[in-house]
Amino acid sequence: MTQPQAHIRVRNLTLQYGEKLIQKNLNFDVNKNDIFIIMGASGCGKSTLLKHMIGLYHPAQGQIFVNDKSLWDVSDVARQRMMKHFGVTYQAGALISSLTLSENVGMPLELYTQLSPKEIEELASLKLSMVGLAGFEDYYPSEISGGMIKRAALARAIALDPEILFFDEPSAGLDPISASLLDDLILELSDSMKSTIVIVTHELASIFSIGTNTVFLDTDTQTMLATGHPNQLLADCDNASVQQFLRRGGVENA
Amino acid sequence: MTEEVVTFHRHKQDTLRVLIKGDWSISFGLQNPEHFLSHLTSSPETQYVVIDASQLGVWDSSLISYLVTLNGLSKAQNIEVDVTGLPEGIVRLIALAEAVPEREGVAKQLVKLNPVDSLGQFVIQTFHQFTAFITFLGEALLALGRLVRAKAVFRRQDLVIFLVDTGPSSLGIVTLISVLIGMILAFVGAVQLEKFGASIYVASLVGLAMAREMAPMMTAIIMAGRTGAAYAAQLGSMQVNEEIDALKTMGISPVDYLVLPRLLALIFMMPLLTIYANMMGVFGGALVSIIMLDVTWSMYLEQMMATVPLTHFFIGLVKSLIFGVLVALSGCYMGMNSGRSASAVGQAATSAVVMGIVLIIVFDSLVTIVTTVFGI
Ligand SMILES: Nc1ncnc2c1ncn2[C@@H]1O[C@H](COP(=O)(O)OP(=O)(O)OP(=O)(O)O)[C@@H](O)[C@H]1O
Ligand SMILES: [Mg+2]
């Protein structure tokens, strides 16, 4: 097997809100074309870690390297350029409420490319049809369902064909069938667009069906307990919290 | 673009070969499908389209977009498209884009209105707005009724917060504006009255104007800008987050829970603020008189007490109370009826201020006309 290439490397990362410590000593690699899952109990700092990885918050300590370039040792302009290659969906959707879906998806294109309004509209329609929202171009976020918002957010995230996609709980709040359809969609997109994907989730089904690599964050010790392929963790990891998390509900994967 | 990235070839009569070459990126813009269409229409015997990507470089959505369009155009003419020559990723993305076709009737139809229609719509909308506001007024009244019967549900802490926010927290701006208004009145009056040697009447002028008009009106306008807008923004963003729906499902009347404490806070605080504004205005007027006109404090106050009957002051107080109701209602009404987007909340805040000020001035004119007719 060839040595996988690290796309994102996290080294000695400490996450804090002001004085409040959330997580410390985080060390892990996200390889190229990984579907990397950040898991852990509610409130352990998964969203916080994600927001640090996309360069939204400055880490209290430690480094994040994307393509071997440190996210925080470069100028603001250079970081902005790096962030352009990220596509992100947030836990609550975060679509701009005063813009239609088509405008929401077209916004990054408008900002970062020289395309004409008509071309932008065309691409936005394409992205919306990829997530199954053909025909909903002129709807406002308040006029569509929660699951549709999640998918529209996905369409916005892939607008610029990003190298790395970050999803914060993409399938939370969806029924199991829609959730697994969304998982399939993510899998399909990552495979065909050859992008690396980082997902925050605690859906066991997603973790085992699409995850190729994971990190497990713990609330009590405020650090990571394990990293690796989910099946491998299930088989080899002897940490009780990790086992409990992965086996809850009597899942028979082992 | 330096060279053609798409070329068309025909080896067999019924087969159009689309050769895709080089690098495709959205930074180069999208390809126009017109050439393809003209190749199709120029030879109607075409039955197959074969896409050849053997010379394709790097690609992104611009290629997918182009291919999906080609596919659609060909399908419309019952022509088969062979995509087997394409890299697997592209085939799957195209399949993904076509997997869920547009459902009939979901797309929004944009209707163009002629001027008569849009005028009609405007009238209908205005009428709806009007009836909605009257309904809201009625609901607020009912809520007040429930309050009297001690059946209204709202948190007393909320009321305290709103009282603090409308009262003590707005003292600064009320002080500033009232003192300045008092000074302006005194200045303007002094210039005229001094010519007649009647400069002591500045005290009467400032006292009367403040008590009857300026103190209640200026305070109300300040509150419309400060508190009315805040109310609209608070309720509007609750509307956006479905918090108002949540209250309804918990069996709590949003009017009781949200509007009542805000309304009470303004009803209670407006008269107090107006009394305070009166004092500050008189103080401002006195300052100018003492500095400009050789009047002493006691002369000024005595003159004012002697010439300005207390009726004016009470009329001002009653007006301020009504102003408070108007400001609270327009703020809450706009907030409760806000649209569900960030910009709609902004609009609600703006409309609340505009509506508040318009109502204040209109009501004030009415009162002035009525009291003049009755000679009060
Ligand atoms: N802006 C903030 N300021 C201060 N503390 C915060 C902030 N955002 C989150 N926290 C705290 O950080 C901790 C981690 O929050 P985070 O949102 O990362 O959790 P999470 O793992 O994503 O949880 P969930 O699975 O419920 O989404 C929580 O204890 C939360 O209270
Ligand atoms: Mg979270």
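The values are calculated or read from the model by the stated rules, or taken from the named source; none is laboratory data. A quick note: this is a predicted structure, and the numbers were derived from the prediction, not measured. Note that each Cβ is placed from the backbone with ideal geometry, even for glycine, and that neighbours are counted across all protein chains shown. Side chains are part of the model used for accessible areas, which takes the heavy atoms of the whole protein and leaves out ligands, DNA and RNA. Shrake-Rupley method; radii C 1.70, N 1.55, O 1.52, S 1.80 Å.
Remarks
- The Cα-based radius of gyration and maximum Cα-Cα distance (Dmax) for the stretch A:95-161 are 10.5, 32 Å.
- Compared with the dominant principal axis of the Cα atoms in chain B, helix B:297-307 is inclined by about 90°.
- Peptides A:217-227, B:107-117 ordered by average Cβ neighbours within 10 Å, highest first: A:217-227, B:107-117
- Surrounding net charge for A:S125, when Lys and Arg each add one and Asp and Glu each subtract one, Cβ distance under 15 Å: -3
- Label-point gap, in nm, between A:D184 and B:A246 - each point 7 angstrom along Cα→Cβ: 3.4 nm
- The mean number of partner chain beta-carbon atoms within 10 angstrom of a residue's beta-carbon across peptide B:86-98 is 4.
- Given charges at beta-carbon only (K, R positive; D, E negative), |dipole| of chain B in Debye: 1360 debye
- If the convex hull is drawn through the Cα atoms of the stretch B:85-222, its volume per residue in Å³: 415 Å³
- Excluding ligands, DNA and RNA, the accessible surface per residue across the stretch B:3-100 is 50 Å² with a 1.4 Å probe.
- Estimated [θ] at 222 nm from DSSP helical runs (n ≥ 4, -39500 (n - 2.57)) normalised by residues in chain B, nearest 500: -22500 deg cm²/dmol
- Shape call, the stretch A:1-78: gyration tensor on alpha carbons, a/c limit 1.5: oblate
- Pairwise FRET efficiency - A:S145 versus B:R156, Cβ, R0 = 30 Å, nearest 0.05: 0.20
- Interface size, chains B and A: roughly 2400 Å² of accessible area buried, both sides included, 1.4 Å probe, rounded to the nearest 100.
- For the stretch A:95-161, the relative contact order is 46 percent, taking Cα pairs closer than 8 Å that sit 6 or more residues apart in sequence and dividing their mean separation by the residue count.
- The stretch B:1-116: proportion of alpha-carbon pairs further apart than 16 angstrom, %: 64 percent
- Within the protein assembly as shown: Cβ-based charge dipole about Cα centre, in debye rounded to nearest 20 (Lys, Arg +1; Asp, Glu -1): 1880 debye
- For chain A, adding -39500 (n - 2.57) for each run of n ≥ 4 DSSP H residues and dividing by the number of residues yields -11000 deg cm²/dmol at 222 nm.
- The stretch B:104-152 shape via C-alpha gyration tensor axes, a/c threshold 1.5: oblate
- The stretch B:247-374 - Debye-derived log10 I(q)/I(0), Cα point model, q = 0.14 Å⁻¹: -0.80
- Options A:I164, B:Y231, A:S180, ranked by Cα towards positive dipole end of the protein assembly as shown, top entry (Cβ charges): B:Y231
- Once the Cα atoms are used to define both axes, helix A:117-130 deviates from the longest principal axis of chain A by about 50 degrees.
- With all pairs of different C-alpha atoms in the average, the Kirkwood value for the hydrodynamic radius of chain B is 27.0 Å.
- Probe 1.4 Å, accessible area per residue of chain A, Å²: 44 Å²
- Using alpha-carbon coordinates, inclination of helix A:176-193 to the longest axis of chain A, degrees: 80 degrees
- Descending semi-axes in whole angstrom, ellipsoid equivalent of the stretch A:21-159, from the Cα gyration tensor: 30, 19, 13
- Interface residues, the stretch B:330-352 - accessible area loss of 10 Å² or more versus chain alone, probe 1.4 Å: B:R340, B:S341, B:A342, B:S343
- Put a dot 7 Å past the Cα of A:Q80, heading toward its Cβ, do the same for B:L137, and the two dots end up 5.2 nm apart.
- Base-10 log of normalised Debye intensity for chain A (one unit scatterer per alpha-carbon) at q = 0.10, 0.15, 0.16, 0.17 Å⁻¹: -0.49, -1.10, -1.24, -1.36
- Percentage relative contact order, chain A, counting C-alpha pairs under 8 Å, at least six apart: 25 percent
- Per-residue shielding of A:135-147, expressed as the average number of other chain Cβ atoms within 10 Å of the residue Cβ, stands at 3.
- At R0 = 60 Å, FRET efficiency that the Cβ-Cβ distance of A:A172 and B:L310 yields, to 0.05: 0.40
- The packing ranking, built from the mean of other Cβ atoms within 10 Å per residue, places the peptides B:168-181, B:71-84, B:227-240 in the order B:227-240, B:168-181, B:71-84, highest first.
- 5 Å-binned pair-distance histogram of the stretch B:41-96 (Cα, whole percent): 4, 17, 31, 24, 14, 9, 2
- Calculated Rg and Dmax of the stretch B:153-373 using C-alpha coordinates, Å: 20.1, 70
- Exercise: per-residue mean of other protein chain Cβ atoms within 10 Å, A:118-128: 4
- Entry for the stretch B:205-261 at q = 0.12, 0.27 Å⁻¹: log10 I(q)/I(0) = -0.46, -1.01, Debye formula applied to identical alpha-carbon scatterers, no solvent contribution.
- Net length gained if the chain between B:D117 and B:L73 were fully extended (0.36 nm per residue, minus Cα distance): 12.1 nm
- By the Kirkwood approach, averaging reciprocal distances over each pair of separate Cα atoms, the stretch B:202-312 gets a hydrodynamic radius of 16.7 Å.
- Across chain B, Cα pairs under 8 Å and at least six residues apart give a relative contact order of 17 percent.
- Anisotropy class of the protein assembly as shown from Cα gyration tensor, a/c 1.5 cut: prolate
- Cβ-Cβ FRET estimate between A:K20 and B:R149, R0 fixed at 45 Å, reported to 0.05: 0.45
- The apolar share of the surface of the protein assembly as shown, taken as the fraction of accessible area on carbon and sulfur atoms (1.4 Å probe, ligands and nucleic acids excluded), comes to 61 percent.
- Given +1 at the Cβ of Lys and Arg, -1 at the Cβ of Asp and Glu and no other charges, the dipole of the stretch B:238-376 around its Cα centre is 160 debye to the nearest 20.
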